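Undergrad: I have a structure I would like to understand better, so I am pasting it below and will then ask my questions one at a time.
Please treat every number below as a calculation from the coordinates, not as lab data. For clarity, every value in this text was computed on a predicted model and none was experimentally measured. Virtual Cβ from ideal backbone geometry, glycine too; neighbours counted across all protein chains shown.
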Amino acid sequence: MKDDEAYAALEAYFQQRVALGEEERAALRRLFRPRHLRRHELLHPAGEVARHGVFVLRGCLRAYVVDAAGKEHILQFAPEQWWISEQHSLQHHTPALFAIDAVEDSDVLLFDTLYFLHPGLPGLQAPELGLASLHNRIYAMQKRLVLLLSAPARTRYLDFLDTYPTLARRLPQKLIAAYLGITPESLSRVRHELAQPRAEP
């Protein structure tokens, strides 16, 4: 994706939420840097300080951890028009709790500061935009935790389809299973059950 196309897509995203003047548009080009990530390319590993957050233009990234047995646990996917970052590490320069990498070839915009707190530019300060984004993320993580602790696999998968409607056919089954906290075999059974026609009452 060309740089001008990348910035145009970012401006369109913001214009749907806040008013942008010429200063704000110029600031976006200073605050964000286009980059292409190859499939499996790391943005940063767990344990290192995160240097960038990401706005995804094309493709898909994931946040994940690997346990002592080498098993991956996926915390979040970020397809087109999603943000992904290890916010605490980025803001406080502490070791990242989780890794972020690309699960598809991806075009992204990198940022190294909280975009909605940019000083002197009202259109990019938008504290209500930042707070809304933070609240939505907290709610999504709380809902996900509740599902992982108490919901059956079928309910978790249906929630995945609702949250990421474009990803079910794009991602390998093992990645979806790692997000759901189930085995690929269990996911196959859930998909098979959902594909069966319902019996007439």
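Undergrad: Ranked highest first by average number of other Cβ atoms within 10 Å, how do 98-106, 15-23 line up? Please report the intermediate quantities before stating the final value.
TA: Numbers: 98-106: 20.7, 15-23: 12.1.
Going by the mean number of other Cβ atoms within 10 Å, highest first, we get 98-106, 15-23.
Undergrad: Evaluate the distance, in nm, between pseudo-label points positioned 7 Å from the Cα of Val66 and of His92 along their respective Cα→Cβ axes.
TA: Computed distance between label sites Val66 and His92 equals 2.6 nm.
Undergrad: Of Leu20, Pro34, Phe55, which is farthest on the positive side of the dipole of region 15-68, counting Cα position, with +1 on Lys and Arg Cβ, -1 on Asp and Glu Cβ, and the Cα centre as origin?
TA: Sorting the options by dipole projection puts first Pro34.
Undergrad: Would you mind checking the radius of gyration and Dmax of region 1-88 based on alpha-carbon positions, in Å?
TA: 15.1, 52
Undergrad: Using only Cα atoms, what Kirkwood radius does region 69-110 have, in angstroms? Could you put the intermediate results ahead of the total?
TA: On the way: mean 1/r = 0.0824 Å⁻¹.
Computed over region 69-110, the radius equals 12.1 Å.
Undergrad: If you take every residue apart from Glu22 with its C-beta less than 14 Å away from the C-beta of Glu22, what net charge results, scoring Lys and Arg +1 and Asp and Glu -1? Kindly include the intermediate steps, with their values, before the conclusion.
TA: Numbers: positive: Arg25, Arg29, Arg30; negative: Glu11, Glu23, Glu24.
Around Glu22, the surrounding residues sum to 0.
Undergrad: What is the spin-label model distance, in nm, from His192 to Arg35 if the labels are put 7 Å beyond Cα along the C-beta direction?
TA: Placing both labels 7 Å along Cα→Cβ, they lie 4.2 nm apart.
Undergrad: On to the next question. Using the Cα centre as the reference, give the magnitude of the dipole from point charges on the C-beta atoms of region 1-112 (Lys, Arg: +1; Asp, Glu: -1; all else neutral), rounded to the nearest 20 debye.
TA: Values: 13 positive and 18 negative charges, 16 e Å.
Here region 1-112 has a charge dipole of around 80 debye.
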